[in-house]
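First up is the structure itself, then whatever we jot down about it.
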Amino acid sequence: MTNRPLLESLSASPLFISDTGAEFFQGAINFVVNHEFSANMLDTANSDMASEDFWDQDEWFADYRPYNVVAGVLQISVAGVLLNNFPYQLGRWATGYAYIEKAMIRGLADPEVYGIALLCDSPGGEVAGCFELTDGIFGVRGEKPIRAYASNAAYSAAYSIASAADDITVTRSGGTGSVGVVTAHVDYSKAMEQSGVKVTFFKFGAHKVDGNPYEALSPEASKRIQARIDKLGAVFVSTVARNRDMEEEAVRKTEALTYDAEDSVEVGFADRVGSLEDGLSAFTDEAAQELEKESQMAIKPNTTATADQTGVDQATHDKAVTDAHAEGVAAGVKLERDRMDAILGSDEAKDRPNAAMAAVESGMDAAAATKMLGRLPKEDAKAAPVVETVPAEAKGNVSPFDTSMQATGNPGVGANQAKDDDDEPDHANSILNDFSAMTGQKRKKTA
């Protein structure tokens, strides 16, 4: 199988690739095209990306869609040439934007993943698909820690992806940068003329074949191609400036230069210099501690978090608990008031006041109570308690709940409760009076 079609299609498109990455780029494409599963990868990429069983470990591609979680940290490789519409990861040679996206989505949803590490070793790749992935990573900042490691290189498209992380560590032998765009036009016209070959185009549209390799590039076509490259470059600059919290002019002034470790930090393209091993070790230690805390909180859900864990002092925490309790009590009172109003204010309760009060006291819900009252005979009006404590002019603003509370005396509450000879409340007889009012049964006053 030849690598020419894929290589030529990429070479004719705008690329985010470093100035030193051209040879590696061609070698990596050779590897992809000559891979034992290249036909499967190149022919089924789009359908595989949309499949629900993207991570199915029973398929042939399981080894080329690695999902590596080490001590709570998901390690995503951003290596080799970065390709659009390619949902695989082939070691140091090639990585698909779709693979990175799928791994990010799964890692964010995985409860066993505390943080995500982007392991970058790439000269860059295709423009198509790069900004979409970068914006997606930037958009989920804060959901889980995302850290990028430039080991050995995070150039151009790879740097765009790395810049979307919370922070960037670059190894001493690593580098960052190459915020720029490149494309190429190959002119074979002279060589073909010398060999006696002539190509004739039959076209509709004056610009249909602009930029073809068999004719010299016209000034107008050259101007349009450069304008497109300039627009892509401006988007690249603004994306990195946003991600790294830098001024756009500072990014633009780098003029697509690549930087070693120390200069990467100085220019603002990295946060620190350090080894990949030390960086990942610290990340996994942090992950282990945080996952352990989450596990303990799950085991003891009622354990009060300390101030250093939540950032809230004890007084604030206690006030929040008190306020929440008060809100709960108020909500409970409202629910009970609504239930009583619904029962006592129903049509069925009008001719069955005593039975209605009994239903209220029983705790029955409104629907069941009104249904029950509807099956009972109407009560004798003489047996019903006649207690009027609400002024007639105020009735329109008083709910059945309030009327009932005042009409029955409500043991121990209100001004009309029974008292004994010492002017102290007689709770026993007050309760009996309430029962009599509810049921219509006479009760002897207690001594």
Open item on the list: Contact list please: Cβ distance under 6 Å, first residue in the range 197-224 and more than 18 Å from A184 (Cβ to Cβ), second residue part of a loop (DSSP other than H, G, I, E, B), pairs at least six apart or on different chains.
Closed with: V199/Y214; F201/V209; K203/V209
- [ ] Output the residue which, of all residues in the range 94-112 that are surrounded by 18 or more Cβ atoms within 10 Å (Cβ to Cβ) and touching a residue at least 60 places away in the same chain (Cβ under 8 Å), is nearest to P14 (Cα to Cα).
- [x] A94
Task: the range 226-241 residues that are within 13 Å of A164 (Cα to Cα), paired with ones that are outside any helix (DSSP H, G or I) (beta carbon under 6 Å, 6 or more apart) - done: F236/V179; V240/V179
Open item on the list: Suppose we filter T176, T183 for residues that are touching a Ser or Thr at 6+ places or on another chain (Cβ under 6 Å) and among the β-branched types (V, I, T); which single one remains?
Closed with: T176
TODO: Sort through T171, T239, T176 and tell me the only one that's assigned by TED's automatic domain parsing to the domain that holds L108, more than 27 Å from S13 (Cα to Cα) and of a type in the set (S, T, N, Q).
DONE: T171
TODO: Identify, from the list V386, V390, the residue that is touching a helix residue (DSSP H, G or I) at 6+ places or on another chain (Cβ under 7 Å), part of a loop (DSSP other than H, G, I, E, B) and either at pLDDT 75 or above or not hydroxyl-bearing (S, T, Y) (or both).
DONE: V390
Task: Tally of residues being in contact with a Phe, Trp or Tyr (Cβ under 7 Å, 6 or more places away or on another chain) and surrounded by fewer than 16 Cβ atoms within 10 Å (Cβ to Cβ) across the range 215-260 - done: 1
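Yes or no, residue by residue, for (1) surrounded by fewer than 24 Cβ atoms within 10 Å (Cβ to Cβ); (2) of a type in the set (V, I, T):
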site: A148; (1), (2): no, no
site: A154; (1), (2): no, no
site: I161; (1), (2): no, yes
site: T171; (1), (2): yes, yes
site: G177; (1), (2): no, no
site: T183; (1), (2): yes, yes
Open item on the list: Which condition from (1) over 30 Å from C130 (Cα atoms); (2) polar (S, T, N, Q); (3) in the same structural domain as I116 (by TED's automatic domain parsing) is the one that Q194 breaks?
Closed with: (3)
Task: Search result, residues across the range 265-281 that are buried (at least 16 other Cβ atoms within 10 Å of the Cβ) and closer than 25 Å to V73 by Cα - done: V265, F269, A270, D271, V273, G274, L276, G279, L280
TODO: Hand me the list of strands (runs of 3 or more DSSP E) wholly inside the range 1-102 holding 1 or more residues that are touching a Phe, Trp or Tyr at 6+ places or on another chain (Cβ under 6 Å) and at pLDDT 85 or above.
DONE: 73-83, 94-96
Task: One residue from N354, N416, N410 being at pLDDT below 50, in contact with a Gly (Cβ under 6 Å, 6 or more places away or on another chain) and not aromatic (F, W, Y) - done: N416
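The values are calculated or read from the model by the stated rules, or taken from the named source; none is laboratory data. Values in this document were obtained by computation on a predicted structure and should not be read as measured data. Here the Cβ is made from the backbone with ideal geometry for all residues, glycine too, and neighbour counts use every protein chain on show.
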